Amino acid sequence: MVIKILRTTAYLLALTVVFQCVTEVLRPKDQSQKRIAGFDKEVKGSLDVVCIGSSHAFCTWNPVHLYMRYDIRSCVYGSESQPIEASLAFVKRALKLHHPKMIFLESFMFSSATGEKKTKTAPAHRAIDSYPWGKDRISLIESMVPPGGKAEMYFDVRQYHSRWKCLGKDDFSICGERDCCHGCQLIGKVVPITQYLYNFDKIWDRGINAYLAVRLDQINQLVKAHGAELVVFTAPFHAVMENARFCKGLSRFLKSRGIEYLNFIDEKSGLKLDVKKDFADNKDGHLNIYGMEKVTDYIGDVLKNRHHLNSDRRYEDEWRDDIEQYGKMRNQEIAKWRQSEEAR
Amino acid sequence: MSQLIPLAFSRKLAMHLVGMLPLCVMAVDFTLVEGELPQMVESEVEGGQVITISGDVYCPGLAKSLCNVVRFSVRFENQEGLPVSSGVLPEDANTNGVFYANGNVGPCRFSKTVLVPDRSIRLELGLIPLWKEGKCEVKELSIDIQDQSAFLGDAFSPTWWSARLRDWLSGGLDPSSLGFCGFVIILLLLYFVLPAVLQPWILLLGSVVFYSMFSVKAWCFLGASILSVYLGGWLMSASRIPRVICGSVICMNLGLLAFTKYGTTFFPGTSILIPLGISFYTLQVISYLVDLARGEVQVERNPFKLALYLTYFPLIMQGPISRYGQLGPQLWARHDFDLDRIRDGIQLALWGAFKKMVIADRAAIIVGKVFAPESGIEGLPVLFAAVLYSIQIYADFSGCVDISRGVSQCLGIDLIRNFNHPYFAESVQDFWRRWHISLSSWLRDYVYIPLGGNRRGMCRKYVNVLLVFAVSGLWHGTGMNFFVWGLLHGIFQITDVARAKIGMFVWKGLGMDASAFLCRMCRILVTFSEVTFAWILFRAQDYPHAISIIKRMMAIRPRQVLETSWVSLGLDRMDLTVLLAAIGLLLVISIFQERKSVRCFINNRQLCVRWFASLAGIVSLVVFGMYGTGYRPLQFIYMQF
């Protein structure tokens, strides 16, 4: 009987390993997944600042540029259309792994935080698939996903099993690489937009949803409990009036909680981007490499001068290699865009 | 603009509604008129809760051309009846909202998540019309207040578990779903961990929960059947006219079955609930009563034993139809924990899941596309789809039965085998000895033999055969196509004898032994063709649709083999390859099983071979199964009966 039980246990372990391997092979290895998985490759406890948020976070914050100019080690940990529930879980993980001095939280998806569990499948998968298993992942699934979609989150092979028809070489590389860009996305494209700045003195306060207020309070308490500081920022994007009204309400709320807020769509923010050269698309208005570097410089100044964040010169070797790789990728991306423009 | 007035609802009703988890639905008829006071609903709340208030409002009277806006407002009050601030200003932004109610497009949804301020004990939800003129008659107003607090905290807190359980219990369980796996695992744990004396009660409780997940209202019918059988049994044992009582109770149950299945045919426009499994448990009721009348079983004095026999969850959806003498004692016996038996049960269930999810659901895509009335596809593809449907229905039905048998085997309960490679039958009579064995044996014992069977001459035998299969057709469905399907099988059975004689004559003429492999193959192919032809009637939406499929199938052209683009029939090349490979595997295993048990063969091999076979099976099910996002889960075919 004992032998049978031991055999059964060994079989179940083998089954679990096989199942995990199959799931890993079937899971898509796109740029987004690689970027999020790259956070796990950061040296533990090496980051001074972690930036968390949606695509506007990883198109705005350039950790390598920040390190080159200000010696501050940071990483962007975010996914496309990342809901606030995922941001909370990411903040928890970032604080646990790196004990950073500051957390920068990007606010583009805040206006969608209503507690009604309407997160679409793709953003939910991006946020959840790479999150390690544990109580936090279960809380994340339960808080974000409506009842009908939870099975896919607990067993993401349900979502991806039909990928057996289009598996490539990349799908069998389970280990993954270190991300030399530390989570940011380099876009060489230049697309002009009309405007992104507003005069907040003339805008009325739309207020924020109570659910968002509760979540922001949770994040703030969590960050404070770890002895870190929370800063919320609204990245430059192709905002409309409704977005500006929401930011006004957000600003008031954050002020009442003593949380610093950097609003880059405010005329008075002190940052001026070139609407003809610094943006990569005119839909949501993500920044390209040029815009990203300008915003990163601004944030670097804030970190150095206002928060007196200083470097301790650790992990220089790892970052030196990353700078070299990053430089090549940056030039490639810009050259690619120039070539496509010339071809037209 | 307006003052708030209370609705027709009493405060007590509102409090009761909030006490219900999670849905509270109120059907309301009232009229909103601009200038008059808005309608309001009250609800008890607790400070600190985060609640989502959502609902549907249907205002059929509103014209399309008006900009019809209904505003809802949420106000909190403390014990003194004074308003309490939500704490996040401005209040309008936090608690109020507007939505556009266009009566011509149906109910309009509104939703708001709010944080209940501290010290609040009451919530008032008001609807205020904002249009310029006219009335709005509100036909339906349903409110759903869900406490989101459970999802704000960490997993595994008490409120987390109650919310999780609520989600899990809110829908029925498909046997090929993860929810069903979870249900079975929990049941098995309770079954073997708790004292053995509790085993039947755990089964009963599990069966009750399982059935309730599909429909609580259906308990009226099932409860009536259980009660009628129990009381009927008692009366039969104490009465001098047991057969009259037996007949009355059977008529009552058949009446219920006929009412639910045929009610909408005779009373069109009505909506009648069809209880899950009514066709199956009604036959079990009849078998128990008739066996009791014949003295083959003793009267059951324990109502719970009868209840478990009729509600036993692996059987309730698709059978097999079990006799009380065979199943009853097993359900109430104690079963020891046996790892080998559980392993065998899981293997059987996985094989059933493979047949359903890899073969049946894949074949269904081609069948659905080709057989669709508007498809316009003719000739060879229709023939191909007909053959695929034969395989689909076998894989689907036998798959579910294997899952039921596998789960039962884990519990230590043996169910009768319902299929014995029916497509290897050499005659239609042989087919019915191999297909849905529990139903055909039931029909034989409770319809064919009481009618006289073959003991009253050849003509009467043929009439009895036709009657039995007509009953079988009617049992399967209400349409003319099912009736004709049944009759067709009866006719095939009758012509079997003539066909066998013709066959003997032909083989003798060719100098061949009738038991030779080639002769057997011919008989098998002819039988398969007859059965496949009949399945067209079974699959069609109705009789005219069946005729149109048959006509389209007859339009075969010789060059179609080369002209047809087989990958345009609904599956891409890779899925078609997987389907054909899986069907090939099913065929090989079926041939193997004619001589030997595949499970015994694998279990006698070395450990690494056993593990490899098992892991390969599970991985192929996980990778090639038709489930998950992008797939519409197909109901088991026989579940509709």
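Being closer than 30 Å to residue A:282 by Cβ and of a type in the set (Ser, Thr, Tyr): is that true of residue A:196 here?
So residue A:196 fits the description; yes.
Identify all residues within the range B:216-257 that are farther than 17 Å from residue B:296 by Cα and among the aromatic types (Phe, Trp, Tyr); write none if there are none.
Once the filter is applied, which keeps residues that are farther than 17 Å from residue B:296 by Cα and among the aromatic types (Phe, Trp, Tyr), the range B:216-257 yields B:219, B:221.
Out of (1) touching a strand residue (DSSP E or B) at 6+ places or on another chain (Cβ under 9 Å); (2) within 12 Å of another protein chain (Cβ to nearest Cβ); (3) aromatic (Phe, Trp, Tyr), what's the single condition that is false for residue A:198?
Result: residue A:198 fails condition (2) only.
Quick check on this structure: which one of B:526, B:578, B:567, B:531 is surrounded by 11 or more Cβ atoms within 10 Å (Cβ to Cβ), modelled with pLDDT of 90 or more and either within 14 Å of another protein chain (Cβ to nearest Cβ) or at positive phi (or both)?
Exactly one of B:526, B:578, B:567, B:531 is surrounded by 11 or more Cβ atoms within 10 Å (Cβ to Cβ), modelled with pLDDT of 90 or more and either within 14 Å of another protein chain (Cβ to nearest Cβ) or at positive phi (or both), namely B:578.
Determine whether the range A:8-30 contains at least one residue that is away from every other protein chain (no Cβ under 14 Å) and either on the phi < 0 side of the Ramachandran plot or small (Gly, Ala, Ser) (or both).
yes
Is there any pair with a first residue in the range B:506-527 that is part of a helix (DSSP H, G or I) and a second that is aromatic (Phe, Trp, Tyr) whose Cβ atoms are under 7 Å apart and which are 6 or more apart or on different chains, and what are they?
From residues that are part of a helix (DSSP H, G or I), the pairs are B:519/B:507; B:524/B:424; B:527/B:431.
Does any residue in the range B:570-594 that is of a type outside the set (Gly, Ala, Ser) come within less than 8 Å, Cβ to Cβ, of a residue that is assigned to a loop (DSSP other than H, G, I, E, B) six or more places away or on a different chain, and which pairs are these?
The qualifying pairs are B:579/B:571; B:593/B:421; B:594/B:421.
Is it the case that residue A:42 is among the charged types (D, E, K, R), in contact with a helix residue (DSSP H, G or I) (Cβ under 9 Å, 6 or more places away or on another chain) and modelled with pLDDT under 90?
Spelling it out, residue A:42 is indeed among the charged types (D, E, K, R), in contact with a helix residue (DSSP H, G or I) (Cβ under 9 Å, 6 or more places away or on another chain) and modelled with pLDDT under 90.
Among the helices (runs of 4 or more DSSP H) confined wholly to the range B:290-351, which include 2 or more residues that are out of contact with any Pro (no Cβ under 8 Å at 6 or more places or on another chain) and without any contact (Cβ under 8 Å) to a residue 60 or more places away in the chain?
B:324-332
Filter the range B:443-472 down to the residues that are in contact with a His (Cβ under 8 Å, 6 or more places away or on another chain) and open to solvent by less than 10 Å² (accessible area, probe 1.4 Å) and list them by number.
Matches in the range B:443-472: B:472 only.
Looking at the range B:269-281, is at least one residue over 19 Å from the mean Cα position of the chain (by Cα), over 16 Å from residue B:236 (Cβ atoms) and surrounded by fewer than 20 Cβ atoms within 10 Å (Cβ to Cβ)?
yes
Hey, could you check the range A:8-62 for residues that are among the basic types (Lys, Arg) and open to solvent by less than 40 Å² (accessible area, probe 1.4 Å) and say which is farthest from residue A:236 (Cα to Cα)?
A:27
Restricting to the range A:70-90, and then to whatever is in contact with a strand residue (DSSP E or B) (Cβ under 7 Å, 6 or more places away or on another chain) and within 26 Å of residue A:245 (Cβ to Cβ), can you tell me which residue is nearest to the other protein chains (Cβ to nearest Cβ)?
The extreme case among them is A:87.
Only one residue in A:227, A:188 is surrounded by fewer than 16 Cβ atoms within 10 Å (Cβ to Cβ), outside any helix (DSSP H, G or I) and out of contact with any Gly (no Cβ under 9 Å at 6 or more places or on another chain). Which one? Steps first, please.
Working: A:188 fails: surrounded by fewer than 16 Cβ atoms within 10 Å (Cβ to Cβ).
Going through A:227, A:188 in turn, just one is surrounded by fewer than 16 Cβ atoms within 10 Å (Cβ to Cβ), outside any helix (DSSP H, G or I) and out of contact with any Gly (no Cβ under 9 Å at 6 or more places or on another chain): A:227.
When only residues in the range A:107-137 that are assigned to a loop (DSSP other than H, G, I, E, B), open to solvent by less than 60 Å² (accessible area, probe 1.4 Å) and within 11 Å of chain B (Cβ to nearest Cβ) count, which is nearest to residue A:286 (Cα to Cα)?
Ranking the candidates gives A:113 first.
Which of the helices (runs of 4 or more DSSP H) contained wholly in the range B:397-502 include at least 1 residues that are under 23 Å from the mean Cα position of the chain (by Cα)?
B:437-443, B:458-476
Among residues belonging to the range A:230-278 that are within 15 Å of residue A:197 (Cβ to Cβ), charged (D, E, K, R) and assigned to a loop (DSSP other than H, G, I, E, B), point out the one that is nearest to the chain's Cα centre (by Cα).
That would be A:278.
Here is a list of conditions, (1) in contact with a Gly (Cβ under 7 Å, 6 or more places away or on another chain); (2) touching a residue at least 24 places away in the same chain (Cβ under 8 Å), and residue B:476 meets all of them except one; can you say which number that is?
(1) is the only condition that residue B:476 fails.
Inspect the range A:147-161 for any residue being open to solvent by 60 Å² or more (accessible area, probe 1.4 Å), within 11 Å of chain B (Cβ to nearest Cβ) and part of a loop (DSSP other than H, G, I, E, B) and give the result as yes or no. Lay out the reasoning, then the answer.
Going residue by residue through the range A:147-161, those that are open to solvent by 60 Å² or more (accessible area, probe 1.4 Å) are A:147-148, A:155.
Remaining after also requiring within 11 Å of chain B (Cβ to nearest Cβ): A:147-148, A:155.
Restricting the remaining residues to those that are part of a loop (DSSP other than H, G, I, E, B) gives A:155.
Yes, some residue in the range A:147-161 is open to solvent by 60 Å² or more (accessible area, probe 1.4 Å), within 11 Å of chain B (Cβ to nearest Cβ) and part of a loop (DSSP other than H, G, I, E, B).
Out of everything in the range A:203-224 that is in a helix (DSSP H, G or I) and of a type in the set (Lys, Arg), what residue ends up being farthest from the other protein chains (Cβ to nearest Cβ)? Give the derivation first.
Kept after step one, since they are in a helix (DSSP H, G or I), are these residues of the range A:203-224: A:210-224.
When the remaining residues are screened for being of a type in the set (Lys, Arg), the result is A:215, A:224.
Numbers: A:215: 8, A:224: 18 Å.
Only one residue fits best here, namely A:224.
The values are calculated or read from the model by the stated rules, or taken from the named source; none is laboratory data. Keep in mind it's a predicted model, so treat the numbers as computed, not measured. With ideal geometry, Cβ positions are generated from the backbone for all residues, glycine too; neighbour counts draw on all protein chains shown. For accessibility, only protein heavy atoms count, side chains too; no ligands or nucleic acids. Shrake-Rupley method; radii C 1.70, N 1.55, O 1.52, S 1.80 Å.
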